[in-house]
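The values are calculated or read from the model by the stated rules, or taken from the named source; none is laboratory data. Note that the structure is predicted; figures quoted are calculated from it, not measured. So basically every Cβ, Gly included, is an ideal-geometry build from the backbone, and we count neighbours across all protein chains shown. Accessible surface areas use protein heavy atoms only, side chains included; no ligands, DNA or RNA. Shrake-Rupley method; radii C 1.70, N 1.55, O 1.52, S 1.80 Å.
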Amino acid sequence: MQSVIHSLPFVGTGTAQSVVAHHFGEANCGRKVYIQAALHADEIPAMLVATRLREKLLVLEAQGRLRAEVVLLSVANPLGLNQWLMGAPQGRFELASGRNYNRGFPMLFEAIRDKLEGQLTDDVARNRDRVRAAWREALLARPVTDAFGALQSLLMLQAHDADIVLDLHCSREAAMHLYTGDECWPAAEPLARYLGSKANLLALDSGAHSFDEAQSFTWHRVRQHFGATVPMPSGPVSVTIEHRGQRDVSYEQAEADASAIMQYLTYTGDADGHVSPLPDLPYPATPLAGSEQFRAPCAGVLVHRATLGALIEVGQPGFDIVDPITGDVTTLASRTEGVMYMRRDVRFVNAGDPLGRVTGHRSQRTGMLLGA
């Protein structure tokens, strides 16, 4: 293992922050896997999974069983990790600006396209390398004026040339679930099976410019533009994995999740070993635009009526909001049949607060498909 320290510019006067990238296996071997944890820096389960992955990768590397370079960032966002308010971590948003650390990643298709015009050939492998080189040039040329932008550029530079990109997160309270692109799903489905993912949300473009989409949607646009005239490779298998909820931190779950990811990398041929049979998929993939998102119509005490990971029927109560003064109860029922895959952790709500989400097979939303 080689650990590379990347210093972040534009941090506060008199301070220094850096991102540590652990590299396993042989660089430039033809395959690359990129895994980062806790881009939302208060999503702790992902960090613990990363520590277990680190131990497993060390063993495989020592045994000569890695067939890809694996780059692991156990703490992808030291900026957010150092934000605390009255004893509570505030790692989802940059406090200075309110920006979400996993929104607005640079989508550089136009710059990549311009660099590639007239440069592609009938050699698909060479075209892949030229796309990646043009992408790197575009990232390096991107103006950066603050630490937020510097972190985004650094993470993109680490991941843009990977064949598999895994972004490890968690939700407030949630069942295991994942987000990926429609085109990524066939290659990502075995990962969902190994993880036992209860919900798998698909979107080509959620409108959020999240980290995983900055990889897959950029490749999609490159392929759409050039694919009619020259052979273009498929883009990376780019997936956001939600390791349940923020309080789901245990050695047992972290070990199981890390083992599932390593089973997937064995399945893809990036690690040597016994390929475990694919488990059943708990629930079919559904469009992200099909998920029903519940919001509180009034203030009150929140009582959850549905179990995480359970199949919800149309008309089934999902949430009660109890007025603490009058005792009046407002019940919200599902309009969608699907899996309750995430819900609010704070048990008091104000009007407009998000309550939870249920998957759905039919698209019912447009615009920004991810929450804030």
**OP:** Report, to the nearest 10°, how far helix 124-141 tilts away from the longest principal axis of the Cα atoms in the chain, using its own Cα long axis and a range of 0 to 90°.
**Re:** 70 degrees
Subject >> Whole-Hz ³J(HN,Hα) from phi, Karplus 6.51 cos²θ - 1.76 cosθ + 1.60, for segment 107-112, glycine and proline x >> reply: 9, 10, 4, 4, 5, 5
Original post:
What trypsin sites (Lys or Arg not before Pro) in segment 1-101 are in a loop by DSSP, with at most 16 other Cβ atoms within 10 Å of the Cβ?
Top reply: Arg65, Arg99
Subject >> Shape category assigned to segment 11-139 from the gyration tensor of Cα positions, a/c cut at 1.5 >> reply: oblate
**OP:** Rounded to the nearest 500, what is the 222 nm mean residue ellipticity of the chain from helices alone, with -39500 (n - 2.57) per DSSP H run of 4+ residues and division by all residues?
**Re:** -9000 deg cm²/dmol
**OP:** Mind checking which lysines have their Cα closer than 18 Å to the Cα of Lys32? Skip sequence neighbours fewer than 8 apart in that chain.
**Re:** Lys56
**OP:** May I ask what percent, to the nearest 5, of DSSP beta bridges between residues of segment 31-106 are antiparallel?
**Re:** 40 percent
Original post:
Using 13 Å as the cut-off for backbone N distance, which residues of segment 136-177 belong to the label zone defined by a point 7 Å from the Cα of Thr51 along Cα→Cβ?
Top reply: none
Subject >> Percentage of interatomic Cα-Cα distances in segment 291-372 larger than 16 Å >> reply: 48 percent
Original post:
Mind checking the alpha-carbon convex hull of segment 65-204 and giving the volume per residue in Å³?
Top reply: 160 Å³
**OP:** Estimate the FRET efficiency between His225 and Val329 by the formula 1/(1 + (r/R0)^6), using the beta-carbon distance for r and 56 Å for R0, to the nearest 0.05.
**Re:** 0.55
Original post:
What is the antiparallel percent of DSSP beta bridges lying wholly in the chain, to the nearest 5?
Top reply: 65 percent
Original post:
For Leu278 and Arg362, FRET efficiency with R0 = 41 Å and r from the beta-carbon atoms, rounded to 0.05?
Top reply: 0.90
Original post:
Picking from Asn102, Asn28, Asn82, which is most flexible by a Gaussian network model of the chain using Cα springs under 10 Å?
Top reply: Asn28
Original post:
In segment 273-362, what GluC sites (Glu not before Pro) fall in a loop by DSSP, with at most 13 other Cβ atoms inside 10 Å?
Top reply: Glu313
**OP:** Give me the percent of the accessible area of segment 233-292 that comes from carbon and sulfur atoms, probe 1.4 Å, all protein chains in place.
**Re:** 52 percent
Original post:
Using the eigenvalues of the Cα gyration tensor, what equivalent ellipsoid semi-axes result for the chain when each is taken as the square root of five times the eigenvalue, whole Å, largest first?
Top reply: 34, 23, 22
Subject >> segment 219-256: trypsin sites (Lys or Arg not before Pro) in DSSP loop, at most 12 other beta carbons within 10 Å >> reply: Arg247
Subject >> GNM top mover of Asp182, Asp122, Asp248 - the chain, alpha-carbon springs below 10 Å >> reply: Asp122
Subject >> Cα centroid separation - segment 247-292 against segment 102-150, whole Å >> reply: 30 Å
Subject >> Stokes-Einstein translational diffusion, segment 1-79 - Kirkwood Rh over all Cα pairs, 1.002 mPa s, 20 °C, in µm²/s >> reply: 159 µm²/s
**OP:** Binning at 5 Å from 0, report for segment 69-123 what percent of all alpha-carbon pair distances ends up in each bin.
**Re:** 4, 13, 15, 14, 12, 13, 10, 7, 6, 3, 2, 1
**OP:** Starting from the eigenvalues of the Cα gyration tensor, five times each then square-rooted, give me the equivalent ellipsoid semi-axes of segment 25-66, largest first, whole Å.
**Re:** 24, 14, 5
